[in-house]
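We did not get these values from a lab; they are worked out from the coordinates using the rules stated. Just so it is clear, the structure is predicted and the values come from calculations on it, not from any experiment.
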């Protein structure tokens, strides 16, 4: 059942983290959640490092904890997106790692599959994290200050899931240009549309591979059973047809 679960970090600290136990066979640790704009995501470096918000509504787990978790095992990342029209899309990455603070929590992300389009690995991969008070992007200005959020910006990029929350998805234009919202450009193909709900979640890659191997084996067994049932059914039909033919021949021969 989805809900809060205690997770022990490598440093022995225990965190109560929301887990998704229903999506794609469950077992996902939710590291970021946007639902209604109830939590302010315009935060400084320290807040993004150690997390903020409420796991029952909106929150950011914390870059330090992301580093500790993804350094323990190989992790996959899944991002679920919802728009204001009731549509859903997702992006899943086979490999996801966050480096330590000395490297500004640099992200490694690759191996895309999904329905939302790849707005991470092609442009944000290998980028350091930036906040309003710690600019590490490649733009001449500060993407984090422009977006009023924290993210792995380049200049500024195709995704920004910690941006301002805009009701009904409409982003206001200011005298300084567009202050972007919750953006996944490869799905909506414009920077003027802010998403309604987002969940970022991680899961050990090995667990996903084992689950898929088990599913493939179960499907193989089911197919073999179906093939066997079809053979038996065909054999039964041939046997019944042969018996009917024998009875007709017997009647013609007066037996």
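Any chance you could list P(r) for segment 1-154, counting all Cα-Cα pairs in 10 angstrom bins from zero, rounded to whole %?
Reading the bins upward from 0: 10, 38, 42, 10, 0.
Give me the tail of P(r) for segment 103-144 as a percent: Cα-Cα pairs with distance above 13 Å.
58
Alpha carbon centre of segment 94-153 versus segment 1-23: separation in Å?
Each part's Cα centre sits 24 Å from the other's.
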